[in-house]
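Report on the structure given below.
Quick note: the coordinates plus some simple rules give every number you see, no bench work behind them. Everything numeric in this text was worked out from a predicted model, so none of it was measured. When we count neighbours, we look across all protein chains shown, and the Cβ atoms used for this are built from the backbone with ideal geometry, even at glycine.
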Amino acid sequence: MHPVHRRARRAGRRVVRRVRLVRAGGLSAARWADRSLRAVRAALPEEGLRTRVAPPPDLPAQALGAVEAVLSRRGATCLQRCLVVQAWLAAHGRPHEIVVAASVADGFAAHAWLAGHDEDESAVYRELTRVPAP
């Protein structure tokens, strides 16, 4: 295939992905994730693990991919990500606790994950506390 045709084909695929994202409520979910991440970043220093995230708008659960993409691109920490995703999942009938843990194997390291949603990291980290689902 000629390189020009290959580029055109890739561009067409990008357009199709964007259209699917819009149809699945992905843009609204991404907007909510961005606002929620900003709110979490502002609240965490004062409220700590008591930080709560406003529930998302009524969107399909499949738009979680857009939420995760925003959190990844914006460089959310594991705890920030967990707080936002926890609110999303709880709003869609899938409540999960956040596990906050630490490791001292090679110096101190802290980590957070959603129990039952993310990969269990308890083999590496020792659980300190859990944040219940809203």
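Each peptide in 101-108, 70-77, 31-38 was scored by the mean count of other Cβ atoms within 10 Å over its residues; highest first, the order is 31-38, 70-77, 101-108.
Taking a ≥ b ≥ c as the square roots of the eigenvalues of the Cα gyration tensor, the range 58-100 is classed as oblate, since a/c reaches at least 1.5 and a/b does not exceed b/c.
Coupling constants for the range 86-97 follow from the phi torsions by the Karplus curve (6.51 cos²θ - 1.76 cosθ + 1.60, θ = phi - 60°), and in residue order they are 4, 5, 4, 5, 4, 5, 9, x, 10, x, 9, 7 Hz; glycine and proline get x. Straightening the chain between HIS117 and ARG50 buys 22.1 nm, computed as 0.36 nm per residue apart minus the Cα-Cα spacing. The listed peptides 48-57, 122-131, 87-96, ordered by packing as a protection proxy, come out as 87-96, 48-57, 122-131 (highest mean of other Cβ atoms within 10 Å first).
Using a simple spin-label model with pseudo-atoms 7 Å out from Cα toward Cβ, ALA69 and ARG126 lie 4.1 nm apart. Working from Cα pairs under 8 Å separated by at least six residues, relative contact order for the range 64-134 is 32 percent. Placing a label point 7 Å from the Cα of ALA102 along the Cα-to-Cβ line, the residues of the range 73-90 whose backbone N sits under 20 Å from it are 77-83.
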